[in-house]
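Since the structure comes first, as structure tokens, the remarks are kept for the end.
The values are calculated or read from the model by the stated rules, or taken from the named source; none is laboratory data. Since this is a predicted model, take the numbers as computed values, not measurements. We place every Cβ from the backbone using ideal geometry, glycine too, and count neighbours over all the protein chains shown.
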Amino acid sequence: MSLQDHPRIRNLLKKGVDDGVYPGAVLLVALSGEIVFFEAVGHASLVPTPSPMGKETVFDLASLTKPLATTLAIMKLLEDGKIDLDQPLSNILPVSLLSDKKDLNIRLILSHSAGFVDWRPFYLNLTKVNPEKRKHIIREQIIEEPFVYKTGTGCLYSDLGFMILEWIVEEISGTALKTFVDNLFFKPLHLANLFLSTNGRMADIKAMSIASTEDCPWRKRVLCGEVHDENAFALGGYSGHAGLFGDAEGVFHLVDVLRGHYLGARNDCLSQKTVKTFFTKQDLVPGCTWALGWDTPSQSDSSAGRYFSPNSVGHLGFTGTSVWMDLEKDVIVIILTNRVHPTRNNQKIRGFRPILHDAVMEEFQRSSNRGLQYG
């Protein structure tokens, strides 16, 4: 079946532009691994020069970096027997550097239950430091940060934990996170438009259609092709929490690879067991919705809306990006927007995103009621 001719979805997507939810957006919907709706609306940039949004437009995916790069690398290390989800950090990283973080484990960090604070403006001081020393310094500062709750008793979404996960990938693999995911996933899967940023210094980045993000008060320019997240920028363009860029089709193909492994339809990158483990809600803390590197729908006010089954995983990105995958109904919805352009103060996406998800799922249900296959 196809949603491409359903005017409700198209009109709602355009309404997001008209209502100032975002300058532009790309929506990709897939059912059983087949794309059934794929459309772009609005503008990739408004200032300094207007430019149209296209299906091929590349976005700063922001925190989608967490599941689609960092978590992916951790999955591979687990698959290869190089780490264990429950081993303490003291068995992985130099124990002399870990202080009171030595007993943390990867499972707690992936499920945002380790006790880390959510965010710190490390970038304000990092720019005064030699770029080659910045990651070492920021890791020391994260270790020195006091816990904001007792490990394993709370749940707070944290960038800091994923910065530590990047350190783990480097320590175990002996290579940078960018090199690791490029060589083991993005290049073998021919995902040319999915890449970790190097602060816009890629030779071919000017040839891409890239959605602009914020008119950054700190950098004093409109950002286009360089990472929006200030800490990631100060660290060279990416870290474990942010810095991934990509277009909707690239995101879909990577998520669909995970879907295929989850269903047992393929086993070329990871085992079905590994993917199912990471897609399983952990229930370490009452009320916490996190699986491992992926979120699951909350019982009320979920960004996934009202119709995604409990057996779903997803993630949001600060710039206005999201991916949700219903593993029971076999539906993938990818929404990429530049809602922070030209200012991050636009918060309308929070209310709009679940409305759009609901509309997509309702259209599927209507088609199902007419006798077409659904799920």
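I need a count of the residues in the range 41-75 that are within 20 Å of the chain's Cα centre (by Cα) and in a strand (DSSP E or B). Break it down stepwise before answering.
Our first condition is that a residue be within 20 Å of the chain's Cα centre (by Cα); within the range 41-75, this holds for 44, 55-75.
Then drop every residue that is not in a strand (DSSP E or B), which leaves 44, 58-60.
Number of matching residues: 4.
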Pull out all pairs, ordered by first then second residue, where Cβ-Cβ is under 7 Å, the residues are six or more apart or on different chains, the first lies in the range 119-137 and is not assigned by TED's automatic domain parsing to the domain that holds residue 240, and the second is aromatic (Phe, Trp, Tyr). 123/233
Can you say whether residue 353 is in a loop (DSSP other than H, G, I, E, B) and either within 14 Å of the chain's Cα centre (by Cα) or in the same structural domain as residue 58 (by TED's automatic domain parsing) (or both), as far as the supplied structure shows? no
Residue 359 meets each of (1) among the hydrophobic types (A, V, I, L, M, F, W, C); (2) outside any loop (DSSP other than H, G, I, E, B); (3) without any contact (Cβ under 8 Å) to a residue 60 or more places away in the chain with one exception, condition (3)
Among what's in the range 91-137 and is among the hydroxyl-bearing types (Ser, Thr, Tyr) and surrounded by 17 or more Cβ atoms within 10 Å (Cβ to Cβ), pick the residue that is farthest from residue 168 (Cα to Cα). 123
Any idea which residue in the range 71-123 is nearest to residue 145 (Cα to Cα), counting only those that are of a type in the set (A, V, I, L, M) and modelled with pLDDT under 95? 97
For the range 266-298, give me each residue that is polar (S, T, N, Q) and either closer than 24 Å to residue 161 by Cβ or in contact (Cβ under 8 Å) with a residue 24 or more places away in the chain (or both). 271, 274, 277, 280, 282, 289, 296, 298
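Please specify each residue of the range 191-227 satisfying the condition of being touching a Phe, Trp or Tyr at 6+ places or on another chain (Cβ under 7 Å) and either modelled with pLDDT under 95 or outside any loop (DSSP other than H, G, I, E, B) (or both). So that I can check it myself, show each step before the final result.
Here is the first cut: in the range 191-227, the residues touching a Phe, Trp or Tyr at 6+ places or on another chain (Cβ under 7 Å) are 194-197, 199, 211, 226-227.
Selection gives 194, 195, 196, 197, 199, 226.
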Would you be able to tell me the number of residues in the range 309-331 that are outside any loop (DSSP other than H, G, I, E, B) and over 19 Å from residue 62 (Cα atoms)? 3
